[in-house]
Each structure stands twice: as structure tokens, then as C-alpha cells.
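Sending over a structure as C-alpha cells; questions will come in a sec.
The values are calculated or read from the model by the stated rules, or taken from the named source; none is laboratory data. This structure is a prediction, so every number in the text was calculated from the model and none was measured. Cβ placement follows ideal geometry from the backbone for every residue including glycine, while neighbour counts extend to all protein chains displayed. All accessible areas refer to the heavy atoms of the entire protein, side chains included, with ligands and DNA or RNA removed. Shrake-Rupley method; radii C 1.70, N 1.55, O 1.52, S 1.80 Å.
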There are 2 protein chains.
Amino acid sequence: MEHAYIAIMAGGIGTRFWPQSRMNLPKQFLDILGTGSTLLQSTYRRFAQIVPENHIYIITGHEYSDLVRQQLPSISDAQIIAEPMRCNTAPCVAYMAYKLANIDPQATFVVAPADHLIENEAEFQETIGKALTFASEKDAIVTLGIKPTRPHTGYGYIQYDDEMVYENNARRVITFTEKPDYEIALQFINSGDFLWNSGIFIWQVGQIIKAFEKYAPDISGRFSAIVEHYNTPEEAAHIAEAYSLSPSISIDYAIMERAENVFVIPSSFGWSDLGTWLSLWEKCEKDYFENVALGKNILFYDSANCLVSAPEDKLVVVQGLEDFCIIDTPDVLLIGKIENEKRMRDIHADVQKYRGSKYL
Amino acid sequence: MEHAYIAIMAGGIGTRFWPQSRMNLPKQFLDILGTGSTLLQSTYRRFAQIVPENHIYIITGHEYSDLVRQQLPSISDAQIIAEPMRCNTAPCVAYMAYKLANIDPQATFVVAPADHLIENEAEFQETIGKALTFASEKDAIVTLGIKPTRPHTGYGYIQYDDEMVYENNARRVITFTEKPDYEIALQFINSGDFLWNSGIFIWQVGQIIKAFEKYAPDISGRFSAIVEHYNTPEEAAHIAEAYSLSPSISIDYAIMERAENVFVIPSSFGWSDLGTWLSLWEKCEKDYFENVALGKNILFYDSANCLVSAPEDKLVVVQGLEDFCIIDTPDVLLIGKIENEKRMRDIHADVQKYRGSKYL
């Protein structure tokens, strides 16, 4: 596909993976699964099997540009798109769309987070191929939905119309739902027409720009006003202004939940957003008592369902614990219940409040 | 008291306090309570208020002589008695007795561990004074017994005859009991005539040598055979041989439990052997939820009855734990139930077996 492009979003700060993920080295830049590659490197490699490497862009915070360069030495500076500030995903997508329209007005592009896990790469490639084909041929906004395997309360859900199957197995989206509580998640699973929202989107530049103009003109106005500066030396200065004036909202809220021509392709390529310690635990190799050891010197006694991450040389002895995560780093040690995302957020906020950025 | 001496036993390796206590820096050389003094320094200072400083001897493993010198810079080399090997307490006491008999045949001396906590120093000094007086005047082996405050299963117990009170409040010992189980400890407490065995002994050199000759001739024979070499340049070589041939047993087992002229002075000067994480927790300042933080950056959430020890600069966040100890050091992290001495011993043995001495 000559006009297919990929935009990898690598600007997150990964607070949910603190203290392993840090302000100066967030999750996407870590080899969090111990595979030998960082999440960004794995994501890039995955897409490099689908499109030419020079069709892949990395959108990241300007402070992370050097990290991207280090981790992906084969890409050019033009492929690293530095955001001047953190502004959620909608401005990020708008920026990418206007910039890419200037390069190739016929472009169809994938927007994908840098920090997700994909277990079945062949199936992933096939699904992305179908989505690119469908999006390039239709006036459609396309997302990938993951067939749910359990009533996960940490994911958003997509309900689709299961009566009508379009080309490339696309289905029309009925509604998006934010993270539900457990009872509702269970109903979603049982109904059979709900999918997890993967956060992976596919569209033509023209279609997404049209959607922005219709549903989020306060964003698109900022980026369309500077259209003559994309891919020129003046781009950065104008983008800085556009970002500073743009509302900070998510692409889901700005576009997906409002647009009418939204399609989803049901997928099952072994996906996880690796958004919590529990989701990491789920995807890791476990011992007989379901403990996960991310480190070389971790000993468990009378313990089950724990996840321990520690520097390679550190000896960690865990006795008498169940369902805990233990994250040891040189300057921070976190011990807490593994299924407790909310409390972890409180703790992160407290550390910021009472200790400043020293430990973040 | 002109002929009063102190022998501080500082040769332990403190395995029960691993990983804070290490082979090359055992518990007695640590400021484990955060007072600004190591346990050895506190013990020394306590006795320096009772006898002249040059009457205090430190008995320690030869590998720790330099540590003693560093921590007690005012003492002379002659006051540091280096044991050639670890051989439990009976040979240690025999060595001290024969060596001291050569210096002052009229000596009465206290044997006390370097790593205990004494909260009420005035009361301690008064009790030691009474014990020295009693021992110097009688043909007696004297020990200090601590009035128990709870049915502790980690201490030995001393039963005494409560009908007859001797000078200086001394009582005749009926029997020694090793660490009892909980039910028996409870009976001991309720009976009113049991005390905790403090491991602090007082006797004349002549009396303890006589007791060794009667109850442990296999030990005393080794140390009496080299009597002309004490306090000469040949001492070390002969002591090395005596230790290598002497059985390795405790002074309790070799002498105290067998001798007949054993007296105890009931005491209550706020004593702890600081033998376990639980006993340390008991003696430390606690927050509202009974958590102990030994470190400057320790945050507790939803936690109670925990003890956390960590380097000053390390941020430790503990969420959702009760009754645990968390000991973080640069190369070892231990997390385990606080009241679980036996399991901790197993773990220490495992680490030795599977990781060698690297982490000990």
C-alpha cells in the first residue's frame, strides 16, 4: 500500500508503572517484559513489517526526542515528531494529520500507542492490513476492537452492530463506553457484541481532518491555520503556539464518541495495554505458585500471585505474600496490592505532592 | 570496686538480623535503633560509667578487631581480645577468665553481650553494682534475670526460689529452661517465679574457673594448659590451638545449667536482646497504626504493625501490609512476616546454600 503510514504515539509518561517508569525514562522506553527490546522498539519493528520504514513517524514529547533517536537509530529526524507540550491525544492526532496531508494528501495512516503488547504478530499484521484497506477505500474512521477474554474493568468498551458485516470484517460501531464497573463489564462480555477499545485507529488524512473540522473545530482550527508551515523550518514555532491554544482532550472524546462513520474490526491478536501491574502480571511467565519474577535473584517463600521487579543483581526474598507487586529500583521501592490501580494513583500523586519530582 | 572488670562479647554474626546485619558488619556494629551510636558503642559507654575504661575488654572475632578499634577509638589493643574462630560462648568465657586471672587474680567480672538494648541505664548500673558486690563476696555464679512482661517464646527462662532473699536481692536459681512454647511461657509468667535469661553473668575469676574445672574440664583443660602464655606475645598462637581443640558449646549449657551455686538478681531495666525483627519493632517508636519506619523516606498506606528499614535516601512506599518486616539494603531486599523467626532462619540458610556468601 503505497500511501500507508504509521504514527506511533510515544509521548506518555507512564505514571501507572511508577516507580519502574520514570519521568526521564517512561514505560515505552523500557524493556518491561524482559524481551531484550523496549516497548517502543517492539512496536516499531512490528509496523516496519507492514509499511516502509520511512513511512513510520514517532510522535513524542520534545524531551524524549533523544531517547527515540537512541532506541531507533535507523530513523531520520524528520520521522520524529516532537510535541511541544503534553496535550492528550486529540491535538497529537490533528498535528499528525495536517502534517501528513502536506506530505501525501492521499495518505491513510494508523495511530498506535508505543507501549502496548501484541502477542500474535502475524494476526496483528493481517488485521492492520485489513483496516488500512478498508479505511483507504471508505469514508470511514476505523478502530481495532479486541475480543474480550474477561470482564476487565480497566479498559474502555466498544459496542458494535453484529448484524451487518462489511468488507474486511469491519463492523459499524454503536457506542463507546469508558471503563465500566465489574457488573457492567460482565454484562458486556456476556452480550457478545462488545470489544475492548485498543486505542489503535486507522483513517485517511482527509477523513480525519474532516471529522476534526466537524466535531472538534477548536482543535482543527489551530492546526489548519498554520498549514503553510508544515515540514518547513517554521513548523516547530507555529506548532508550539497551536498546542498552547488547543484544548487538551483525548481523541476518543473529541472524535470517536461523536463521529457517525466509525467502524471497528474485531481482533484477537493477544493484546494488552500493559496499563497496570496486574496486566503485566497476566502477560508474564509464572512459576508454580503464579509468581512472576522480573529479575535474576528473586526468591519466593509461602507466596502466590505476586509480581516482583528488581535490578538484575539485587537479591529479593519475598515471604508470606499473596497478590502483591513489589517494584524495586535504586531509589524507590514500591510494595502494594497488585489489583489496586486507584490507590497506586493516589500514592503517585502523594509522592509528587510531598517529595516533588525527585522520585518521579 | 577496684577489682571489677567487664567482658563485652562482640563476636556474633547476627544472622537473625540479615540482611541488615552482614558477615562483614554484624548487628553489634550497627546503629540499629537510629540512636547515633552502634550497639557496641552504647554497651561500652554503659559499662564505662561503672568501671574504669581500662577494665573493659571486648571479645570479638579476629576479623572484627579493626571494627572494634574504629568504633571504640579510646581503648587500647590489649583490651581487644580476638578469638581465632567462632566457638560459642563457653570457650570465650574460659579464655577471658584465665587471661584475666593472670592480670588480676582477685578480679570479679561481668560477661555481657554487645548487642542488647538497655532502656533504664540508672537501674542497670545499680543492678550491675549489686551483682558485682554479691559475686565478689560469695562463692557464687550470678546472672541477671529480667522480670518478664509477656509470654515471650524467643527467650530462655530462669526459675528461682522466691522464699529466700539473699544480700543484694540475689535469689537462688532452681532451673534454666530453653525457649518454651507459648502455653508453657504463659504458665511461667503466671507462676511469678520465672525470669527471662538476659545472658549477662557476673563472677569472680576463681569461681568461674573452678566451675569450668568441675563441669567442663574438656574446655578448661585447654585453657589452663597454656596458663604461662596469657598476656605474652605467644598468647595468640596458643589460643588458636586451644580454640581448635575445645568443644563449641554455650556457657549456659556448659556451666549455668549444671552448677549448683547459681544466683539470679531479678531486674527490670527495660531489656531486649534485639534478637528478632519483632523484638526490634517492640522497642521502636511507632506511628498511629503501629508502623515502625527506620529510614527517612518511608510512606505507609493501609498498613499496620510493620517495620521498614531502608537507606536514608531511598523512598519506600508500603501499601496494604500488616505484620510484615521489610528490610531494604543496597544489594538485598527482604520482605516477610515479622513474627516468623524460624522461616527467616530457613531463608538465610537457603541463601547461603544457593547464593554462597555473596549476599550474607
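Remind me, relative contact order of chain A in percent, using alpha carbon pairs under 8 angstrom and six or more residues apart?
Relative contact order, chain A: 19 percent.
Tell me the net charge near B:Tyr166. Cut-off is 11 Å between Cβ atoms, B:Tyr166 excluded, with +1 for each Lys or Arg and -1 for each Asp or Glu.
That works out to +1.
Taking θ = phi - 60°, what integer Hz values does the Karplus form 6.51 cos²θ - 1.76 cosθ + 1.60 yield along region B:107-121, in sequence order, with x for Gly and Pro?
Each residue's phi maps through the Karplus curve to give 4, 10, 9, 9, 10, 9, x, 7, 10, 9, 9, 10, 8, 9, 5 Hz.
Hey, what's the protein assembly as shown come to in accessible area per residue, 1.4 Å probe, Å²?
41
Let me ask you something else. Could you tell me what fraction of 2.2 N^0.38 Å the Cα radius of gyration of region B:180-279 comes to, as a two-decimal ratio?
Relative to the rule-of-thumb radius for its length, region B:180-279 sits at 1.41.
Here's a follow-up. Given 20 Å bins starting at zero, what is the percent of C-alpha pairs of chain B in each, up to the one with the largest pair distance?
P(r) over chain B, rounded to whole percents: 28, 58, 14, 0.
What FRET efficiency do you get for B:Asp218 and B:Cys284 if R0 is 51 Å and r is their Cβ-Cβ distance, rounded to the nearest 0.05?
E(calc), rounded to 0.05, equals 0.75.
Let me ask something else. All other residues with a Cβ under 12 Å from the Cβ of B:Arg258 taken together, and with Lys, Arg as +1 and Asp, Glu as -1, what is their net charge?
With Lys, Arg at +1 and Asp, Glu at -1, the net is -2.
I've got another one for you. Can you give the accessible area of A:Ser74, probe radius 1.4 Å, in Å² rounded to 10?
90
Is it possible to state the helix-based mean residue ellipticity at 222 nm for chain B, with each DSSP H run of 4+ residues giving -39500 (n - 2.57), the sum divided by total residues, to the nearest 500 deg cm²/dmol? What is it?
The helix contribution divided over chain B gives -9500 deg cm²/dmol.
Quick check: net charge around B:Glu282, other residues with Cβ under 14 Å of its Cβ, Lys/Arg +1 and Asp/Glu -1?
That works out to -4.
Right, something else. Tell me the angle of helix B:182-191 to the major Cα principal axis of chain B, expressed in degrees between 0 and 90 and rounded to the nearest ten.
60
Considering only Cα-Cα distances, which of the following residue pairs are longer than 30 Å: A:Lys27/B:Lys314; A:Lys358/B:Lys286; B:Lys214/B:Lys283; A:Lys99/A:Lys353?
Where the Cα-Cα span goes over 30 Å, the pairs concerned are B:Lys214/B:Lys283; A:Lys99/A:Lys353.
For label points placed 7 Å from Cα toward Cβ, what is the shortest-first list of nm distances from B:Lys147 to its copies?
Output for B:Lys147: 7.5 nm, nearest copy listed first.
While we're looking at this one, here's another question. Based on DSSP, what percent of beta bridges with both residues in the protein assembly as shown are antiparallel, to the nearest 5?
Approximately 40 percent, going by the DSSP bridge assignments.
Which number comes out as Rg/Rh for region A:44-102 once both Rg and the Kirkwood Rh are worked out on C-alpha atoms?
Taking Rh as the inverse mean 1/r over Cα pairs, Rg/Rh reads 0.96.
When the Karplus curve 6.51 cos²θ - 1.76 cosθ + 1.60 is applied with θ = phi - 60°, which whole-Hz ³J(HN,Hα) does each residue of region A:152-162 get, with x for Gly and Pro?
Each residue of region A:152-162 in turn: 5, 9, x, 10, x, 10, 10, 9, 10, 7, 8 Hz.
Separate question: For region A:301-328 and region B:281-360, what is the separation of their C-alpha centers, rounded to whole Å?
13
Near the amide H of A:Ala304, under 5 Å away, which other amide H atoms are found, from residues 5 or more places off or on another chain, if H is placed in the peptide plane?
When sequence neighbours closer than 5 places are left aside, the close amide H contacts are A:Leu321, A:Glu322, A:Asp323.
For B:Ile103, place a label point 7 Å out from Cα along the Cα→Cβ vector, do the same in each other copy, and report the separations in nm, one decimal, smallest first.
Taking the point 7 Å beyond Cα along Cα→Cβ, the inter-copy spacings are 8.3 nm.
If you place +1 on the Cβ of every Lys and Arg, -1 on the Cβ of every Asp and Glu, and leave all else neutral, what size is the dipole of region A:163-300 about its Cα centre, to the nearest 20 Debye?
Dipole magnitude for region A:163-300 comes out near 140 debye.
Further, regarding this structure: Report the calculated FRET efficiency for A:Asp313 and B:Ser244 (r = Cβ-Cβ distance, R0 = 35 Å), to the nearest 0.05.
Step by step, r from the Cβ atoms, then E = 0.40.
Does region A:1-132 come out rounded, prolate or oblate, given a ≥ b ≥ c as the square roots of the eigenvalues of its C-alpha gyration tensor, rounded meaning a/c under 1.5 and, failing that, prolate meaning a/b above b/c?
Oblate, because a/c is 1.5 or more while a/b does not exceed b/c.
Tell me, what is the 1.4 Å probe accessible area of A:Thr153, in Å² to the nearest 10?
A:Thr153 has an accessible surface of roughly 60 Å² with all protein chains in place.
Under 5 Å between amide H atoms, partner at least 5 residues away or on a different chain: which partners does B:Gly145 have, H built in plane at 1.01 Å?
The answer is B:Ile265, B:Ser267.
With θ taken as phi - 60° and the coefficients 6.51, -1.76 and 1.60, list the Karplus ³J(HN,Hα) couplings across region B:262-271 in order, rounded to whole Hz; mark glycine and proline as x.
9, 10, 10, 10, x, 9, 7, 9, x, 9
Under a plain spin-label model, where a point goes 7 Å from the Cα along Cα-to-Cβ, how far apart in nm are B:Asp77 and B:Asp181?
Result for the modelled spin labels: 5.4 nm.
Just to verify a number: what accessible area does B:Trp281 come out at with the full protein assembly present, 1.4 Å probe, Å² rounded to tens?
Roll a 1.4 Å probe over it and B:Trp281 shows about 40 Å².
Along each principal axis of its Cα atoms, how long is region A:214-347 end to end? Whole angstroms, biggest number first, please.
On the principal axes, region A:214-347 reaches 63, 37, 27 Å in Cα extent.
Still on this structure, I have one more. If we hang a label 7 Å off Cα along the beta carbon direction at B:Asp331, how far is it from the matching labels on the other copies, in nm, shortest first?
List, nearest first: 2.3 nm.
Using a 1.4 angstrom probe on heavy atoms only, work out the carbon and sulfur share of the accessible area of the protein assembly as shown in %.
Carbon and sulfur together cover 48 percent of it.
D for region A:121-182, whole µm²/s, Stokes-Einstein with Kirkwood Rh over alpha-carbon pairs at 4 °C and 1.567 mPa s: what number?
99
Quick query: amide H of B:Ala259 versus all other amide H atoms, modeled in the peptide plane; which residues come in under 5 Å with a sequence gap of 5 or more or a different chain?
Residues meeting the amide H criterion: none.
Shifting gears a bit: Using every Cα-Cα pair within the protein assembly as shown, state what percent have a distance larger than 48 Å.
39
Just B:Ala48, B:Ala94, B:Ala112 to compare: in a GNM of chain B, with alpha carbon springs under 10 Å, which one fluctuates most?
Among B:Ala48, B:Ala94, B:Ala112, the largest GNM mean-square fluctuation belongs to B:Ala48.
Between helix B:89-103 and chain B, what is the angle of the helix's C-alpha long axis to the longest principal axis, kept within 0 to 90° and rounded to the nearest 10?
Compared with the principal axis, the helix lies near 40 degrees.
A further question follows. Provide the FRET efficiency to the nearest 0.05 for the B:Glu339-B:Thr232 pair, computing r from the beta carbons and using R0 = 56 Å.
0.70
Buried accessible area between B and A (1.4 Å probe, both chains summed, ligands and nucleic acids excluded), in Å² to the nearest 100?
By this definition, chains B and A bury close to 3000 Å².
Now for a different question. At 7 Å along the Cα-to-beta-carbon direction for both B:Asp162 and B:His62, put a label point, then send me their distance in nm to one decimal.
Distance between the two pseudo-spin positions: 4.9 nm.
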